Amino acid sequence: MQATQAYVVVDGDGHVREDDAALRARLPARWSHRRQLMPIDGFDRDLGGRLGKNKVDAEMHLADMDVEGIGVSVLYPTAGLFLGDLREPEYSVAYCHAYNDWLADYCRIDSKRLKGVALLPLQDVAASCTELQRAVRELGMVGAMFPTFFRLGPQSPGDKTYDPFYATAQDLAVPVAFHASGSVARANNSFSNFLEVHIHSHVPEQMAMLTFTLLEGVLERFPRLTIGFMEAGCGWVPFWLEHIDEEWEKRRAEAPLQAKPSEYALSGRCYFGVEPEERMIPIAAEMLGAGQLLYASDYPHWDSGWPDTVKTLRERRDISESLKQKILATNAQTFYHLGK
């Protein structure tokens, strides 16, 4: 890639398009013949193929990163975002194992530029701990994804059922990143079309995740754990932290923390993905700190701004050059421990 800037742009939240045939080849026979490997929402997300890219392999991914000027992309799933919709723990374990093997092969096309985030079968916490250790130590994964919604198991990520998983991530020094599917959520079943459903998915889900993790003491119990809140932007965060603190002040007995909830969020261990066009970026950076915001392309999804996401952020006049560098590069390098 012909470098046009003094630092390497790091996409903190890119995506792959899973290859079902390749995944089936990696699944045990009892699971490989399913008509549908992962549940889907049934919506025409890409408007008949007019939005986003439906079929992407590693070579195309790298070429499209070059178009944007992205040096490194950290990769989350697409179909796998619906992992929390699965109700069969054994199948969840098998699927995640197959997906992580496939993703590792995808990243090996250029392991310096493509970095995988492990998909974990949190329907079975013990199996998730084992799989995360394998994914990090053997496959080179740089993080762990936690779906924001589950059909099976505790709905709150703050439930102590998940503590062994957080302990494993902390010991491995990899971040845990919450990610929604963009449709399956707690409170959007009453909406009548995908536009409404999608609007009421990512941000409300991450509001819930932040509430759970702060008030139920995850960051207090695991002082070296870092957490990411992906694909919801950052504009909601200042308001929501203020709201949480205000409520907590009146009902501390229900969340007996050693400090205000916002202090944990502002400790430097919570990171938030940003949309390049968000007008609230300067305000969020002022409150959260310049080091907590992650640039995300959301490539190759229907709502990605590819090929102009980097350009949009670079051309902003209300953001300093030093903040741009942190958002576009330094923060993701820190969050994912890249280059260690």
Exercise for review: Evaluate the relative contact order of the chain (contact order divided by residue number), counting alpha-carbon pairs under 8 angstrom at least 6 apart; express in whole percent.
Suggested key: 20
Review point. If you average the sequence gap of Cα pairs under 8 Å that are 6 or more apart and divide by the length of the range 130-185, what percent do you get for the contact order?
Key: 49
Check your understanding: For the range 3-52 and the range 282-340, what is the separation of their Cα centres, given in Å?
Key -> 23
Study note, to complete from the structure: Counting only protein heavy atoms with a 1.4 Å probe and every protein chain in place, the carbon and sulfur fraction of the accessible surface of the chain in whole percent equals 52
Practice item. Skip the ligands, DNA and RNA, and give the accessible area per residue of the range 1-70 with a 1.4 Å probe, whole Å². Key: 58
Exercise for review: Could you quote the convex hull projected area for the chain, Cα atoms only and averaged over all directions, in nm²?
Suggested key: 16.6
Revision key, fill the gap. For residue 155 and residue 254, extending 7 Å from Cα along the Cα-Cβ vector and measuring point to point gives, in nm, a value of 1.5
Exercise for review: Would you please put 130-138, 183-191, 40-48 in order of how densely packed they are, using the mean number of other Cβ atoms within 10 angstrom per residue and starting with the highest?
Suggested key: 130-138, 183-191, 40-48
Review point. For residue 337 and residue 54, FRET efficiency with R0 = 41 Å and r from the beta-carbon atoms, rounded to 0.05?
Key: 0.80
Review point. Using mean Cβ contacts within 10 Å as the protection proxy, how do 75-84, 310-319 order, highest first?
Key: 75-84, 310-319
Check your understanding: So how far, in whole Å, is the C-alpha centre of the range 243-262 from the one of the range 60-74?
Key -> 42
Revision key, fill the gap. With R₀ set to 35 angstrom, the calculated FRET efficiency between the beta-carbons of residue 267 and residue 29, to the nearest 0.05, is 0.15
Review point. Alpha carbon centre of the range 201-218 versus the range 154-175: separation in Å?
Key: 14
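The values are calculated or read from the model by the stated rules, or taken from the named source; none is laboratory data. Nothing here was measured: the structure is a model prediction, and the numbers come from that model. Please note: Cβ atoms are built from the backbone with ideal geometry, for glycine as well, and neighbour counts cover all protein chains shown. Please note that ligands, DNA and RNA were not included when accessible areas were found on the heavy atoms of the full protein model with its side chains. Shrake-Rupley method; radii C 1.70, N 1.55, O 1.52, S 1.80 Å.
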